[in-house]
1. If you go through the stretch 12-29 one residue at a time, do you hit one that is of a type in the set (Val, Ile, Thr) and modelled with pLDDT under 95?
2. Return the pair list, or none, for Cβ contacts closer than 8 Å from residues in the stretch 1-30 that are without any contact (Cβ under 8 Å) to a residue 12 or more places away in the chain to residues that are outside any loop (DSSP other than H, G, I, E, B), at least 6 apart or on different chains.
3. Please specify each residue of the stretch 1-24 satisfying the condition of being more than 9 Å from the chain's Cα centre (by Cα), surrounded by 13 or more Cβ atoms within 10 Å (Cβ to Cβ) and part of a helix (DSSP H, G or I).
4. Is at least one residue of the stretch 27-44 of a type in the set (Lys, Arg) and open to solvent by 80 Å² or more (accessible area, probe 1.4 Å)?
Amino acid sequence: MSKMMFDYTKSILERVSFDPVLFCKELEKAIKTLLPYEMEQLQEWLLSFVVGKPELKPSLQLIKV
């Protein structure tokens, strides 16, 4: 079940990545929902995802990277 939630979260974040404000809102929801080990996975994924998207880099502060 948790793998499904993590994958769902990633897909939502990918879909809203066109809007940095919406991306941050969805990331905040994910932080409240995901388990600690899923947050580690999300953190790793997020670091690689925002490499080519400088407008999303401020969102890294939400997960304290």
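The values are calculated or read from the model by the stated rules, or taken from the named source; none is laboratory data. Remember, predicted model here, so these are calculated numbers, not experimental data. Note: ideal-geometry Cβ built from the backbone for every residue, glycine included; neighbour counts use all protein chains shown. To get the accessible areas, we keep the full protein, side chains included, count just its heavy atoms, and leave off ligands, DNA and RNA. Shrake-Rupley method; radii C 1.70, N 1.55, O 1.52, S 1.80 Å.
1. Within the stretch 12-29, not a single residue is of a type in the set (Val, Ile, Thr) and modelled with pLDDT under 95.
2. Filtered contacts from the stretch 1-30: Val16/Leu22; Val16/Phe23; Val16/Glu26.
3. Once the filter is applied, which keeps residues that are more than 9 Å from the chain's Cα centre (by Cα), surrounded by 13 or more Cβ atoms within 10 Å (Cβ to Cβ) and part of a helix (DSSP H, G or I), the stretch 1-24 yields Met5, Phe6, Pro20, Leu22.
4. Yes, the conditions are met somewhere in the stretch 27-44.
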